[in-house]
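Laboratory data are not the source of any read-out in this text; all were calculated from the coordinates shown. In this text, all values refer to a predicted model and were calculated from it rather than measured experimentally. Counting neighbours? That spans all protein chains shown, and the Cβs are built from the backbone with ideal geometry, glycine included.
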Amino acid sequence: MHKLLLVFTLSLVVVFSACTKKEGATPNSPTANATEIVVGEYGSMTGGEATFGQSTHQGIQLAFKQINAAGGVKGKTLRLESVDDEGKPEEAATAVTKLITQDKVIAILGEVASSRSLAAAPIAQQYKVPMVSPSSTNPKVTDVGDYIFRVCFIDPFQGTVMAKFAHDNLKVKKVAIMRDVKSDYSVGLANYFKETFTKMGGEIISEQTYVSNDIDFKAQLTSIKSSKPDAIFIPGYYTEVGLIARQARGLGIKVPLLGGDGWDSSKLFEIGKEAVVGSYFSNHYTTDTTDPRARDFIEAFKKEFNGTIPDGLGAMGYDAALVLADAMKRAKDLTTADIRDALAATKDFAGVTGKITINEQRNATKSAVVVQVAGDHNKYVTTINP
Ligand code: PHE
């Protein structure tokens, strides 16, 4: 009799706790006497876009180190729990589930690539754990819900930046586009560019497609060559862009190549060599900056990582971490709901990539820079304001 009662009571407890755990009804939060705050990070530390994850990780690490050295947040130390998603959307979703349910993180930094942020954001939203993407630019990312934020501009703006630059600065009339149809970022940015460029009187004379991990682009490039464009817009990531550039030059295509932030990697020049030199892309920041805050960051980064000069991803990772820590400091309590509210109230935060104000759509309105590839250095050309 007693035994039966015990079994019954135990099963009730199991059923009850299973119910409360579902849907993340009890969001993670450190206990009052905890000495640490655990923050999750997911990114592509390996794979075809490994520099995105690695640079972002370095930026976050540096920010956490500096914040902890200055006393942490509400007297607690920030601890980073990182997961490699290998550049795969499915892995990104798994990573975020693990961070929330096993590591009990209170907030998440990531991803960079929009397709991976889109795969993982619904999970963060479901569990009501705030997620801050350092540099996913596709508009759909923050549309997922009120717990999803970013500290960068979005692609309707970035597309306009490059369309204006092509039209006003380079004075080109006919542009060919080559987009990665598997990437939300690439598809979106190509559309936004096209919209503005044609509105300005320009013409898109050829539209070609590829998918990430392709290595032979000659068929598309041959078709582009016969359409005689003045420039080619390739809103892709550095590995494919480097290969496309080399094959384009190999086929005798000499016109400038144009792109977006996805070009930002030291590997672009390593893969593309002379073929990418002289081409232009839009970005979140430039190492040619004279802003004292950004210069301090560049120096600290070099010191921390063996002389490595931070790319845009390193800078955005740094800013995302600082914005999150600032929100945690302002949050009433260290609950996911209070951190969410504090993030939403971020105003004029002085980041190394510019002033960050989170708007109604949980995006940041910021200016973009256009840079020109000049070997392993990208030369600052101009700043375009929103
Ligand atoms: N903006 C890109 C995306 O949304 C990611 C990216 C950001 C790549 C910054 C390089 C530099 O997919």
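Measure nothing fancy, just the Cα-based angle from helix 292-304's long axis to the longest principal axis of the chain, in degrees from 0 to 90, nearest 10.
Value to nearest ten degrees: 70.
About the Cα centre of the chain, how large is the charge dipole given +1 on each Lys and Arg Cβ and -1 on each Asp and Glu Cβ? Please answer in debye to the nearest 20. Walk me through the numbers on the way to the answer.
On the way: 43 positive and 43 negative charges, 66 e Å.
That gives the chain a dipole magnitude of about 320 debye.
May I ask what percent, to the nearest 5, of DSSP beta bridges between residues of the chain are antiparallel?
On the way: 16 of 46 bridges.
Beta bridges within the chain, antiparallel portion: roughly 35 percent.
Kindly identify the stretch 239-355 as rounded, prolate or oblate by the Cα gyration tensor criterion: order the square roots of the eigenvalues as a ≥ b ≥ c, call it rounded if a/c is under 1.5, otherwise compare a/b with b/c, prolate if a/b is larger, else oblate. Write down the numbers at each step before the final one.
Working: a/c = 3.01, a/b = 2.24, b/c = 1.34.
Note, shape of the stretch 239-355 comes out prolate.
Counting only other residues whose beta carbon sits under 12 Å from that of F305, what net charge do I get with K and R as +1, D and E as -1? Present the calculation step by step, with values, prior to reporting the outcome.
Numbers: positive: K65, K302, K303; negative: E299, E304, D311.
For residues surrounding F305, the net value is 0.
Hey, if you put +1 on the Cβ of every Lys and Arg and -1 on every Asp and Glu Cβ in the stretch 156-283, which of S223, V161, L268 ends up farthest toward the positive end of that dipole?
With unit charges placed on the Cβ atoms, the residue in question is S223.
Taking the stretch 29-118 as the region of interest, what is the percent of Cα-Cα pairs per 10 angstrom bin, listed from the shortest bin to the one with the maximum distance?
Computed distribution, short to long bins: 18, 46, 28, 8, 0.
Please compute the modelled spin-label separation between A344 and V211, points set 7 Å along Cα→Cβ, answer in nm with one decimal.
3.9 nm
Take the residue pairs K273/K379; K173/K199; K65/K104; K225/K267 and return only those whose Cα atoms are more than 18 Å apart. Before the final figure, lay out each step's value.
Details: K273/K379 16 Å; K173/K199 12 Å; K65/K104 21 Å; K225/K267 26 Å.
K65/K104; K225/K267, as the Cα separations exceed 18 Å there.
Relative to the longest principal axis of the chain, what angle (0 to 90°, nearest 10) does the C-alpha long axis of helix 238-250 take?
Compared with the principal axis, the helix lies near 10 degrees.
Using only Cα atoms and rounding to the nearest 10 degrees, what angle (0 to 90) does helix 2-21 make with the longest principal axis of the chain?
On a 0 to 90 degree scale, this one is about 30.
Compute the signed sum of charges (Lys and Arg +1, Asp and Glu -1) over the other residues within less than 12 Å, Cβ to Cβ, of Y318.
-2
Near K128, which aspartates and glutamates are there with a Cα under 14 Å away, not counting those fewer than 8 places off in the same chain?
Straight-distance partners of K128: E23, D146, D338, D341.
Stretched out fully, how many nm does the piece from I309 to N359 gain, at 0.36 nm a residue minus the Cα gap? Before the final figure, lay out each step's value.
Details: separation 50, 0.36 × 50 = 18.00 nm, distance 3.05 nm.
My answer for the length gained is 15.0 nm.
Pop out the ³J(HN,Hα) list for the stretch 381-386 in order, Karplus 6.51 cos²θ - 1.76 cosθ + 1.60 with θ = phi - 60°, rounded to Hz; leave Gly and Pro as x.
10, 7, 10, 10, 8, x
Taking amide H atoms as placed 1.01 Å from N in the peptide plane, list the residues 5 or more away in sequence, or in a different chain, whose amide H sits under 5 Å from that of G87.
Under 5 Å from the amide H of G87: S44, M45, T46.
Can you list residues from other chains, or at least 5 along the same chain, whose modelled amide H is less than 5 Å from the amide H of T365?
The list, which skips near neighbours in sequence, is T357, N359.
Could you point to the residue in G259, G314, P292 farthest towards the positive end of the stretch 251-321's charge dipole, with +1 and -1 charges on the Cβ of Lys/Arg and Asp/Glu respectively?
Of G259, G314, P292, it is G259.
Put +1 on the Cβ of every Lys and Arg and -1 on every Asp and Glu Cβ in the chain; which of S135, V39, A342 then has its Cα farthest towards the positive end of the dipole?
A342
Output ³J(HN,Hα) for the stretch 61-68: one whole-Hz value per residue in order, computed from phi by the Karplus curve 6.51 cos²θ - 1.76 cosθ + 1.60 with θ = phi - 60°, and x for Gly and Pro.
4, 4, 4, 4, 4, 5, 5, 5
For the chain, what class follows from the C-alpha gyration tensor (a ≥ b ≥ c being the square roots of its eigenvalues): rounded when a/c is under 1.5, otherwise prolate if a/b is larger than b/c, else oblate? Could the numbers behind the result be given before it?
Details: a/c = 2.28, a/b = 1.77, b/c = 1.29.
Here the chain falls in the prolate category.
Local charge sum around V381 (other residues, Cβ-Cβ under 14 Å, Lys/Arg +1, Asp/Glu -1)? Please report the intermediate quantities before stating the final value.
Details: positive: K164, K379; negative: D168, D288.
With Lys, Arg at +1 and Asp, Glu at -1, the net is 0.
Using 1/(1 + (r/R0)^6) with R0 = 30 angstrom and r between the beta carbons of K65 and T97, what's the FRET efficiency to the nearest 0.05?
Values: r = 28 Å, r/R0 = 0.92.
It comes to 0.60.
In whole Å, what are the Cα extents of the stretch 156-283 along the three principal axes, biggest one first?
Largest first, the stretch 156-283 extends 33, 27, 25 Å along its Cα principal axes.
So what J values fall out for the stretch 372-377 if you push phi through Karplus, 6.51 cos²θ - 1.76 cosθ + 1.60 with θ = phi - 60°, rounded to Hz, Gly and Pro as x?
10, 5, 10, x, 7, 10
Which value at 222 nm does the chain reach when only helices count, each DSSP H run of 4 or more adding -39,500 (n - 2.57), with the total divided by all residues and rounded to the nearest 500 deg cm²/dmol? Kindly include the intermediate steps, with their values, before the conclusion.
Values: 13 runs with 167 residues, N = 386.
Estimated from H runs of four or more residues: -13500 deg cm²/dmol.
May I ask you to compute the full-extension gain from T46 to S223, defined as 0.36 nm times their residue separation minus their alpha-carbon distance, rounded to one decimal in nm?
Values: separation 177, 0.36 × 177 = 63.72 nm, distance 3.32 nm.
60.4 nm is the gain from fully extending T46 to S223.
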